[in-house]
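Working notes for the structure below.
The values are calculated or read from the model by the stated rules, or taken from the named source; none is laboratory data. Remember, predicted model here, so these are calculated numbers, not experimental data. Glycine also receives a Cβ, built like all others from the backbone with ideal geometry; neighbour counts cover every protein chain displayed.
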Amino acid sequence: MRINDSILILYASQTGTAEDLAKDTEEQLVELGYIVRCLDCYDTNPTFLREHKTCILIASTWADGDPPDDAETFYNDLENNKNLDLSHLRFAVFGLGDSAYEQFNECGKNFDRMLKERGGSRMLPRVDCDVDMDAPFDQWVKDLTKCLAIDIVDNC
Ligand SMILES: Cc1cc2nc3c(=O)[nH]c(=O)nc-3n(C[C@H](O)[C@H](O)[C@H](O)COP(=O)(O)O)c2cc1C
């Protein structure tokens, strides 16, 4: 299978915050000259990850640690498809949540775990972002662009 060099940004969002951040990330990466594809998890499936070298995933958490409704199928398919080989993939997960909830950022944590379990390499440690997201998001995009520029994988 041909591996696509474009950067795949996926978002899992209930009320649009993760979607906004994904589109902001897309804009910033496009400005830097990258070819980027930004998709709602609803519009794709985990097998599509086989076609990409880089995946950036921005996900919020809902109702007791669940994924947003529109991302549920993607999330469950990724959990259930134990044979999906993502050993070619480098990824970074930015989780959005609220630490007032017991299952803080559970969806982001699980996406990060599942991508790693399927063989992917982390470009950056997962961010578990709380309600004040501006500064952590700006820092994460800075860290991300640095990793992309020098093509590093920390494999943390
Ligand atoms: C009804 C409700 C349930 C939520 N449940 C959780 C949760 O279990 N864990 C968590 O970390 N955040 C939880 N949150 C916080 C959201 O994840 C947070 O507001 C996020 O920024 C929403 O992003 P979105 O608009 O992309 O969905 C919840 C928020 C609401 C309104």
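Inside the range 51-69, can you point out the residues that are over 15 Å from the mean Cα position of the chain (by Cα) and surrounded by fewer than 20 Cβ atoms within 10 Å (Cβ to Cβ)? The answer is Glu51, Ala63, Asp64, Gly65, Asp66, Asp69. Residues that are out of contact with any strand residue (DSSP E or B) (no Cβ under 9 Å at 6 or more places or on another chain) and surrounded by fewer than 13 Cβ atoms within 10 Å (Cβ to Cβ) within the range 28-42 comprise Glu31, Leu32, Gly33, listed in sequence order.
Considering every residue within the range 13-35, establish whether at least one is within 16 Å of the ligand (Cβ to nearest atom), in contact (Cβ under 8 Å) with a residue 40 or more places away in the chain, outside any helix (DSSP H, G or I) and not polar (S, T, N, Q). No, the conditions are met nowhere in the range 13-35. Among (1) within 18 Å of Leu8 (Cβ to Cβ); (2) crowded, with 19+ Cβ neighbours inside 10 Å; (3) within 16 Å of the ligand (Cβ to nearest atom), which single condition is Phe91 missing? Failing condition for Phe91: (3). Of the residues screened, Ala100 is not one that is near the ligand (Cβ under 10 Å from one of its atoms) and modelled with pLDDT under 95. Somewhere in the range 120-131, is a residue surrounded by fewer than 23 Cβ atoms within 10 Å (Cβ to Cβ), out of contact with any strand residue (DSSP E or B) (no Cβ under 7 Å at 6 or more places or on another chain) and either under 19 Å from Ile3 (Cβ atoms) or among the aromatic types (Phe, Trp, Tyr) (or both)? Checking the range 120-131: not a single residue is surrounded by fewer than 23 Cβ atoms within 10 Å (Cβ to Cβ), out of contact with any strand residue (DSSP E or B) (no Cβ under 7 Å at 6 or more places or on another chain) and either under 19 Å from Ile3 (Cβ atoms) or among the aromatic types (Phe, Trp, Tyr) (or both).
Condition check for Phe111 on (1) within 11 Å of the ligand (Cβ to nearest atom); (2) surrounded by 23 or more Cβ atoms within 10 Å (Cβ to Cβ); (3) among the aromatic types (Phe, Trp, Tyr): one failure, at (1).
Of all residue pairs spaced 6 or more apart or on separate chains, those with beta-carbon atoms under 8 Å, a first member in the range 64-93 that is under 21 Å from Ile7 (Cα atoms) and without any contact (Cβ under 8 Å) to a residue 40 or more places away in the chain and a second member that is hydroxyl-bearing (Ser, Thr, Tyr) and exposed (fewer than 15 other Cβ atoms within 10 Å of the Cβ) are Leu84/Thr47. Note on the range 10-20: residues that are buried (at least 24 other Cβ atoms within 10 Å of the Cβ) and in contact with a helix residue (DSSP H, G or I) (Cβ under 7 Å, 6 or more places away or on another chain) amount to 4. Applying the set (1) among the acidic types (Asp, Glu); (2) touching a Lys or Arg at 6+ places or on another chain (Cβ under 7 Å); (3) within 18 Å of Val131 (Cα to Cα) to Asp5 leaves exactly one unmet item: (3).
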